[in-house]
Every structure is written in C-alpha cells, then in structure tokens.
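Working notes, structure below.
The values are calculated or read from the model by the stated rules, or taken from the named source; none is laboratory data. Please read all numbers here as calculations on a predicted model, not as lab measurements. Neighbour counts run over all protein chains shown; Cβ positions are idealised from the backbone, glycine included. The protein model used for the area step is the full one, side chains on, heavy atoms only, and it has no ligands, DNA or RNA in it. Shrake-Rupley method; radii C 1.70, N 1.55, O 1.52, S 1.80 Å.
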Amino acid sequence: MIKTLLESLLHLLILIPFTILFLKVKSNINYKRLLIFSLCYIAYQIFLILPQTNPIFDFIKSSWNWDGKILGLVCGFFAYFLFKNYFTENDFFTLKQNKRGFKPALIVAILIILLSTIVWFILGNSKYDLETLAFQISLPGLDEEIMFRGVLLGLLATSLKEKVSYLGNPSILITSILFGFMHALTIGKDNNINFSAVYFIQTGFAGYVWGWVTIKSKSILLAILSHNFSNFFGTLSTMIK
C-alpha cells in the first residue's frame, strides 16, 4: 500500500503544478476542487490494491483483479455522491446526450474501438480465455471511466480554462496524462522509478479520446462503452490471431 501511495503522490506532484497554471480563477473553491481531485485519485488507487494487501477484500479468487475493480467502482460512486456539488455544471453522470456533440463523439468512440483492435491484433498474441474476455468487457472501462472521466474530469472541467493555446482543453489533457501515469509510471520493489513510454502513449492517447468524447457528449456513457469494447475486441483479436 505504501508503494501505491508513493506512486499516486508522484503522479500528482508532477501534474498539480501545471494544473494550477490553468485555473480559471485562483480562488479557494478551485483550490479545494484540486485537493478533492487529488484525494479521490489517491483513494481510488488504494481501493484497487486492497485485495492484494488484505485477504478480507480478496473474495474472488482469480488471476484478474475483479475485487479491486469492484472496490474501485464503489470508490468512484462514493466520490461522486460525496463531491458532486463541486462540479454540478460538468456532471457527466447522465444517459442524456448533448445533441450537438453526440454524432462526432459517437464516431470517435467507434474509431478508437477499431484502432485499438487493429493495434492489439498487430502487437499482441494470447490464448483464448473466457474469463479474460468477461473481465475486459465489464469492469475496467466501467470503474476507470466513472473515476477519470466522471469525477476527476468533472472537477477539472469546472476549475480550469476551457481552452489553452496549443494545448486544447487542459482538463482533458491532464486527466489523460494522469491516466497514462497510472498505467505506465510505477515504483519498483527496489524503489526505482519505472516508466513505459509505449504504454503511456497508448493509455494516455486513449484517455484523451475518451475525455474528448465525454466533454463533447456531456456524458460518460459513450466513454464507458468505447473503453469496454476497445478492451474486449482488442483482447479478442490477440486470441484469434
């Protein structure tokens, strides 16, 4: 758990200074939103690894982290209901789609599924496993989108400028970088810092796309579906190769 806490703090220490630069207004409420943003991310990371640190949370015996993802889902919903008043104007927890942005968001959501499937097919190779497919079609896209594109993006979209020259929407950019860090920037057993550039680009790019889809559609629904189907068809393509 200490390692996970240190990883989370490392990710945030890199990003928070830049996040402050993009604030709409340097006010107490926006600083409070950034604090909530940080605490939610740390809590989410800890919830994910609870089954590995305490047997009481390891109630599903599997090679996949079903328990952690379910706890991450609980953490996401808890964070939303606890802090939703801090991002009411960017509350993406809705099935209702923005009429103007739905069509382009849908097209991009489908394109990232196709791209992921092609890339995974080219680069990956694995044996058929029904549990793996069941896992990929369900929990990863659900718990990660609820936390990242629901809670975290909602908080930043409310606090930060909508657009910055040459960078676009900083809220989307920062959450996508954080998403990439979560997957690619880790601390090893010997306390050395490990960084996978390829995995960071892959997950960071996907995170940016799902952030854009969420902002455009004003809902996390398409991001959840796109994420889960990208994982599912990408994994399936490696099995039928």
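Quick notes on this structure:
- With respect to (1) of a type outside the set (D, E); (2) out of contact with any helix residue (DSSP H, G or I) (no Cβ under 8 Å at 6 or more places or on another chain); (3) within 23 Å of N228 (Cβ to Cβ); (4) without any contact (Cβ under 8 Å) to a residue 40 or more places away in the chain, the lone exception for I60 is condition (2).
- Number of the exception - I49 against (1) under 24 Å from E162 (Cβ atoms); (2) buried (at least 18 other Cβ atoms within 10 Å of the Cβ); (3) in contact (Cβ under 8 Å) with a residue 40 or more places away in the chain: (1)
- Selection count, the range 188-201, where residues are at pLDDT 90 or above and open to solvent by less than 80 Å² (accessible area, probe 1.4 Å): 4
- Residue count, the range 121-168 (criterion: of a type outside the set (G, A, S), part of a helix (DSSP H, G or I) and under 21 Å from the mean Cα position of the chain (by Cα)): 20
- Each residue in the range 207-218 was checked for being on the phi < 0 side of the Ramachandran plot and surrounded by fewer than 24 Cβ atoms within 10 Å (Cβ to Cβ), and 5 of them qualify.
- The single residue among F87, F22, F47, F57 that is within 24 Å of D190 (Cα to Cα) and in contact with a Leu (Cβ under 7 Å, 6 or more places away or on another chain) turns out to be F47.
- Within the range 223-241, residues that are in a helix (DSSP H, G or I) reach partners that are open to solvent by 80 Å² or more (accessible area, probe 1.4 Å) with beta carbons closer than 7 Å, at six or more positions or on different chains, in the pairs S237/F121; T238/F121; T238/N125; M239/K127; M239/Y128.
- Within the range 52-78, the residues that satisfy the criterion of being surrounded by fewer than 16 Cβ atoms within 10 Å (Cβ to Cβ) and at pLDDT below 90 are Q52, T53, N54, P55, I56, F59, I60, K61, S62, S63.
- Subset of the range 140-180 that is open to solvent by 20 Å² or more (accessible area, probe 1.4 Å) and touching a residue at least 12 places away in the same chain (Cβ under 8 Å) - its residue that is nearest to G68 (Cα to Cα): L142
- Residues within the range 162-179 that are closer than 16 Å to I16 by Cβ and not hydrophobic (A, V, I, L, M, F, W, C), tallied: 4
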